[in-house]
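Student: Below you'll find the structure I mean.
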Amino acid sequence: MPGARWVEPSKFRLTLRFIGAVQEPMAADITAALLRVAAPRFALTLTGVGNFGGRTLWVGVDKNPTLMFLQSRIEGELQQIGLPADPARMFRTSSWCICADAGALVRS
């Protein structure tokens, strides 16, 4: 990918719920809610790769029971503090994706 730069794997993210921009009082509530969420350690199975608009690489992640439990807990906690249900329901499909901006790659 032209212009790709190397970044550390710790900079990758797995989005289980998109929240968007919020004001400070709600941001503090979101932080507190997410700190209440825990799940046991689990392995991810990667499936497929691609890009969005030539700038963002993605790697698909297969569903597994622990990952679905974690996503459900996140959604539940956020709804308890007043965020509406995620209308996109983007994590009800056959895979999630790990995204890395600007062609971020893992050095092998």
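Student: Could you tell me which numbered condition Phe12 fails, if it satisfies all but one of (1) in contact with a Phe, Trp or Tyr (Cβ under 9 Å, 6 or more places away or on another chain); (2) touching a residue at least 60 places away in the same chain (Cβ under 8 Å)?
Tutor: Going through (1) in contact with a Phe, Trp or Tyr (Cβ under 9 Å, 6 or more places away or on another chain); (2) touching a residue at least 60 places away in the same chain (Cβ under 8 Å) one by one, Phe12 breaks only (1).
Student: What are the residues in region 37-87 that are loosely packed, with under 11 Cβ neighbours inside 10 Å and either in a strand (DSSP E or B) or in contact (Cβ under 8 Å) with a residue 40 or more places away in the chain (or both), if any?
Tutor: Across region 37-87, the qualifying residues are Gly50, Gly54, Gly82.
Student: From the set of residues in region 1-36 that are in a loop (DSSP other than H, G, I, E, B) and among the aliphatic types (A, V, I, L, M), which is modelled with the lowest pLDDT? First the steps, then the outcome.
Tutor: First, the residues of region 1-36 that are in a loop (DSSP other than H, G, I, E, B): 1-5, 7-8, 12, 15-23, 36.
Pick out the ones that are also among the aliphatic types (A, V, I, L, M) and you get 1, 4, 7, 16, 19, 21-22.
On the way: Met1: 63, Ala4: 66, Val7: 68, Leu16: 86, Ile19: 89, Ala21: 90, Val22: 90.
Restricting to residues being in a loop (DSSP other than H, G, I, E, B) and among the aliphatic types (A, V, I, L, M), the top hit is Met1.
Student: Can you tell me which residue within region 52-72, out of those that are touching a Leu at 6+ places or on another chain (Cβ under 6 Å) and of a type in the set (Val, Ile, Thr), is farthest from Lys11 (Cα to Cα)? Steps first, answer last, please.
Tutor: Here is the first cut: in region 52-72, the residues touching a Leu at 6+ places or on another chain (Cβ under 6 Å) are 59, 61, 71.
The next check asks that each one be of a type in the set (Val, Ile, Thr); those that pass are 59, 61.
Numbers: Val59: 14, Val61: 17 Å.
Among those that are touching a Leu at 6+ places or on another chain (Cβ under 6 Å) and of a type in the set (Val, Ile, Thr), it is Val61.
The values are calculated or read from the model by the stated rules, or taken from the named source; none is laboratory data. Only a predicted model underlies this, so the values are computations on that prediction, with no experimental measurement involved. Every residue, glycine among them, receives a Cβ derived from its backbone with ideal geometry; neighbour counts consider all protein chains shown.
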